[in-house]
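The values are calculated or read from the model by the stated rules, or taken from the named source; none is laboratory data. The shown structure was predicted, so the numbers you read here are calculated from the model rather than taken from an experiment. Every residue, glycine as well, gets a Cβ built from its backbone with ideal geometry; the counts of neighbours run over all protein chains shown. Keep in mind that these areas ignore ligands, DNA and RNA; they rest on the heavy atoms of the full protein, side chains included. Shrake-Rupley method; radii C 1.70, N 1.55, O 1.52, S 1.80 Å.
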Amino acid sequence: MIQALDDGALAKAPPPDILMVRAGLTVPSDQLDASERTAENLGAPPDRLWGMSPFGGDAARDVWKRFKAAAFLCPDEKGSNVQAVFRASYELPRVARIAVSSSNVDHMRELASAEVLKVDLDQIARYRQLLRERRPHS
């Protein structure tokens, strides 16, 4: 499917109302790049590109306790690690909204309050470059 989109086969298709893509720190570089190319090839407006699964399916995983996501926030920003992971996910790839699910109201409040945090876009760019360098070359 991605190859067909890259070849312009769907260039005349109307843009999607919403294009939902994987987003966040667990998304491999090639998927981030493919999401951006797909959005561009389909003419999806930036406000209609939405992310999903910012925690790779589970915000309670051990990795989110060990990983210091505050490095992706601007120096004066304060938030929990979960908030920093969530906010950084809006930039990996850049999306207008992120879909999450939880039965925990406090968790949802914590995530909703993270949207105002400012992200260090230079850190995001460095992270993406590191991901690209790690990518196996074929």
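A few notes on this one:
- Where Cα atoms sit under 27 Å apart: lysine pairs in the chain separated by 8 or more or lying on different chains: 5
- Label point distance in nm, Asp76-Glu40, each placed 7 Å from Cα along Cα→Cβ: 3.4 nm
- Extent along the principal axes, Cα only, for the stretch 88-128: 34, 16, 16 Å, with the longest axis given first.
- Surface analysis of the chain yields an accessible area of 61 Å² per residue, using protein heavy atoms and a 1.4 Å probe.
- Remark: the chain carries a charge dipole of roughly 280 debye about the Cα centre, counting +1 on each Lys and Arg Cβ and -1 on each Asp and Glu Cβ.
- Dipole in debye (nearest 20) - the stretch 93-138, about Cα centre, beta carbon charges: Lys, Arg +1; Asp, Glu -1: 320 debye
- In the chain, taking the dipole from charged Cβ atoms about the Cα centre, the farthest positive-side position among Met52, Thr38, Leu19 is held by Met52.
- Inverse of mean 1/r across different Cα pairs in the stretch 1-123, Kirkwood, Å: 15.2 Å
- Taking only protein heavy atoms and a 1.4 Å probe, the accessible area of the stretch 38-84 is 57% carbon and sulfur.
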